[in-house]
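Read the structure below first, then the notes.
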Amino acid sequence: MIRIYPKLVLVLFLFCILFISCEKPDYQPSDARLDVTDLLLQCPDSARSLLASISPTELSPSDRMVYHLLLTQANDKCYIDHTDDSVMVEVVDYYERENVSDYLRMKSYYYLGRVYQDLDSASLGIKYLMMTRKLAKDLGDLEFVCLANSNLGNICNKHQLYEEAGEYYKKAQKAAELNNDSLRLAVILTNISNIYIERGPDYYEKARDIQLRAYHIIKNLNRPTVERMIVLSLAAAYSYVPDNEQAIYWSKQYINIQPYTQRHYSSYLVLGESYWRIGKVDSALHYLHKATLAPIHKVVRGSYMLLSEIARKQGALDEALRLNDSCLHYTRLVDESVRSGATMKNLKEAIFQELMAEKESVMRKQQLRTWSLFLVITCLLFYFIFRFIQYRRNLSSIKKEAMAMKLKLDEKRSKMIQLQTLISECENDKIHISYLEKQLDKVKSEQEFTFKNMLPLLPFYQKLTDVIKKREQARSSTAALTDKQWLKIISEFDTVSDLFSVRLSHQYPLLKNEDIYFCCLLKMGFNYTEISILFSRTKNMIYKRRNLVMERLGLDESCSLDDFIRLF
């Protein structure tokens with residue numbers, strides 16, 4: 001008796017935990033039971049240690065099911081991966097066979113689904129999480145509605161079913177908001193942000209805004225693990241926007257709050273890419289080389305891709321090729337880890353089948369709606385019969401109206417003939433306009449040909465050509481042309497170009513003087529090398545000037561500035 005007594009106390013303790021954890025929302029537990037619940041929910045590692053000290057073989061079948069369910073719950077809350085489904089399968093079978101409360105079955109379905117999720121058995125995981133969601137909806141348990149939808153989204157996201165994942169995350173978000181669960185809401189918002197990033201550049205800013213909302217929620221909750229995850233995702237979101245300064249700031253914030261250096265690799269990749277974009281090559285290389293040591297293939301692939309690009313732009317072509325080979329190697333490794341199309345199709349079918357099974361319970365409600373619809377249709381049928389009788393009574397008057405309508409129809413037909421005549425005349429006018437447009441294009445071509453042949457003979461053009469030749473022979477940069485010289489050249493050029501600079505500055509007021517000079521030189525036919533000599537700037541500076549002018553003109557990258565200037 002002395003050896004059995006402590007075990008009896010532990011069994012009673014387990015019953016208290018299960019009783020509180022399975023209680024419906026409207027139940028108000030005692031203070032003692034609240035303490036037990038706090039131990040499981042807030043200190044799962046302590047609860048797990050206590051459970052590990054019990055031998056389940058000495059417990060009764062019902063007590064053993066309680067033990068296995070609580071131990072699985074504690075392992076799940078301690079972020080310990082589940083490696084075996086046999087225990088939870090036994091629990092679920094027992095609870096279904098014994099017909100226990102819906103809340104207990106819901107909880108057993110959820111943790112069996114979590115076990116299959118860790119075992120990468122997606123179809124079974126979806127099945128039991130769907131069953132959890134159905135029972136949670138029936139019981140009005142927002143916590144498990146949120147948990148089930150969130151984990152369904154995680155499974156779909158892992159297998160690149162982003163559209164399905166997004167729908168589940170939105171349902172989980174709604175449940176978390178209704179339940180005022182800030183912690184889970186922040187995690188779900190992070191997952192939604194990642195889904196938007198996967199959708200492409202059009203959604204990057206929306207992903208960043210959602211991630212900022214998640215950060216503002218979590219920063220005051222004292223949950224360092226979740227905060228670190230959100231800060232890293234926020235740095236990545238800024239990198240995609242891109243906002244390099246913010247990406248660097250949040251990446252460094254993550255490094256400061258993440259005590260485990262082996263988890264810094266993703267932030268190193270973000271730092272390397274951001275520093276490369278703002279021109280800090282040395283810093284970029286430092287962090288990118290660090291990121292190549294990551295155990296995550298995607299991170300290593302991204303690092304080698306950027307390093308190869310940097311080497312290529314620096315002229316180290318052999319090094320760029322070597323780094324590109326490494327990038328391709330890790331690309332193959334990433335592709336090998338991606339699920340095949342057949343697997344995704346099976347998962348979609350599994351989701352569809354589980355949704356259909358869930359909808360079977362709704363069919364009973366649909367039957368009631370069907371009978372209601374039948375009554376409505378019957379009433380409508382009697383109404384139409386009544387209306388038909390009225391129609392027969394008014395048939396004679398309708399025939400008279402038909403005769404009047406026939407007369408109007410004849411009038412309309414005569415008008416249609418007149419309209420057809422007008423259309424014919426319009427077609428002739430259209431042909432004439434087309435001919436005039438062709439003649440106009442021909443005149444423009446002749447005008448452009450005359451302009452090109454006349455331009456080299458003009459004094460200001462010869463002066464610019466002489467300046468270029470002299471500076472090329474001197475092989476050194478001399479003082480740039482003064483504003484007075486530029487104004488004289490542009491003024492002379494306007495006399496032969498239909499006031500090109502005046503029209504350009506009037507239509508695009510954002511252009512500055514140097515932008516106008518640059519556009520005039522392009523109109524004269526000078527190439528970028530010659531323009532760089534006239535501006536006493538490097539060729540790279542001239543290309544930057546070109547990009548700036550395109551931005552102020554409102555042109556996108558697919559347009560050609562040279563063609564635009566030529567046709568303006």
Inset, instruction - Calculate for the chain the 222 nm mean residue ellipticity that helices alone would give, adding -39,500 (n - 2.57) per DSSP H run of length 4 or more and normalising by residue count, nearest 500 deg cm²/dmol. - result: -27000 deg cm²/dmol
Inset, instruction - Calculate, in nm to one decimal, what GLU177 and VAL89 gain on full extension: separation in residues at 0.36 nm each, minus their alpha carbon distance. - result: 28.5 nm
Inset, instruction - Compute the Cα gyration tensor for the stretch 76-146, then decide on rounded, prolate or oblate, letting a ≥ b ≥ c be the square roots of its eigenvalues: rounded whenever a/c is under 1.5, prolate when a/b is larger than b/c in the other cases, and oblate in all that remain. - result: oblate
Legend entry - Helix 244-257 axis, angle to the chain major axis (alpha carbon atoms, nearest 10°): 30 degrees
Legend entry - Separation in nanometres of the label points that stand 7 Å from Cα toward Cβ, at ASN428 and LEU457: 4.5 nm
Inset, instruction - Consider the candidate values (i) 3, 7, 6, 6, 6, 5, 5, 6, 7, 9, 9, 8, 7, 6, 5, 3, 1, 0; (ii) 3, 11, 15, 17, 16, 11, 8, 7, 6, 4, 1, 0; (iii) 3, 11, 15, 14, 13, 12, 12, 10, 7, 3, 1, 0; state which one is P(r) over Cα pairs in 10 Å bins from 0, in percent computed from the structure displayed. - result: (iii)
Legend entry - Cα-Cα over 26 Å, subset of LYS470/LYS523; LYS77/LYS137; LYS442/LYS469; LYS171/LYS206; LYS107/LYS298: LYS442/LYS469; LYS107/LYS298
Legend entry - Karplus 3J(HN,Hα) series, Hz, for the stretch 498-505 with 6.51 cos²θ - 1.76 cosθ + 1.60 (x for Gly, Pro): 6, 6, 4, 5, 5, 4, 5, 5
Inset, instruction - Provide the convex hull volume over Cα atoms per residue for the stretch 64-187, in Å³. - result: 99 Å³
Legend entry - Relative frequency of Cα-Cα separations exceeding 24 Å in the stretch 423-538, percent: 41 percent
Legend entry - Given charges at beta-carbon only (K, R positive; D, E negative), |dipole| of the chain in Debye: 1600 debye
Inset, instruction - Could you go through the stretch 558-568 in sequence order and give the Karplus-derived ³J(HN,Hα) for each residue, using 6.51 cos²θ - 1.76 cosθ + 1.60 with θ = phi - 60°, rounded to whole Hz, and x for Gly and Pro? - result: 6, 8, 9, 5, 4, 5, 4, 5, 5, 8, 6
Legend entry - Stokes-Einstein translational diffusion, the stretch 157-196 - Kirkwood Rh over all Cα pairs, 0.692 mPa s, 37 °C, in µm²/s: 326 µm²/s
Legend entry - Prolate/oblate/rounded label for the stretch 147-240 (Cα gyration tensor, a/c 1.5): oblate
Legend entry - Percent accessible area from carbon and sulfur atoms, the stretch 177-324, protein chains only, probe 1.4 Å: 48 percent
Legend entry - Estimated distance in nm for a label pair at LYS400 and LEU380, the labels positioned 7 Å out from Cα along Cα-to-Cβ: 3.4 nm
Legend entry - the chain - accessible surface per residue (Å², probe 1.4 Å): 62 Å²
Inset, instruction - Calculate I(q)/I(0) for the stretch 479-568 by the Debye formula, one identical point scatterer on each C-alpha and no solvent, and give its log10 at q = 0.11, 0.16, 0.25, 0.26 Å⁻¹ to two decimals. - result: -0.28, -0.61, -1.56, -1.65
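Can you give the longest run of the chain that contains no trypsin sites (Lys or Arg not before Pro) sitting in a DSSP loop with at most 10 other Cβ atoms inside 10 Å?
Value returned for the longest uninterrupted segment is 4-474.
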Inset, instruction - For every other residue with a beta carbon closer than 13 angstrom to the beta carbon of ILE218, add +1 if it is Lys or Arg and -1 if Asp or Glu, then tell me the sum. - result: +3
Legend entry - Phi-based couplings in Hz for the stretch 263-276 (Karplus 6.51, -1.76, 1.60; Gly and Pro marked x): 9, 8, 4, 4, 5, 4, 5, 4, 4, x, 5, 5, 5, 5
Inset, instruction - Once you have a ≥ b ≥ c as the square roots of the Cα gyration tensor eigenvalues for the stretch 274-321, tell me rounded if a/c is under 1.5, and otherwise prolate or oblate according to whether a/b is larger than b/c. - result: oblate
Inset, instruction - Give me the lysines in straight-line cross-link reach of LYS415: C-alpha distance below 27 Å, same-chain residues under 8 apart excluded. - result: LYS399, LYS400, LYS406, LYS430
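The values are calculated or read from the model by the stated rules, or taken from the named source; none is laboratory data. This one's a predicted model, so the numbers in the text were calculated from it and none came from an experiment. Counting neighbours? That spans all protein chains shown, and the Cβs are built from the backbone with ideal geometry, glycine included. The protein model used for the area step is the full one, side chains on, heavy atoms only, and it has no ligands, DNA or RNA in it. Shrake-Rupley method; radii C 1.70, N 1.55, O 1.52, S 1.80 Å.
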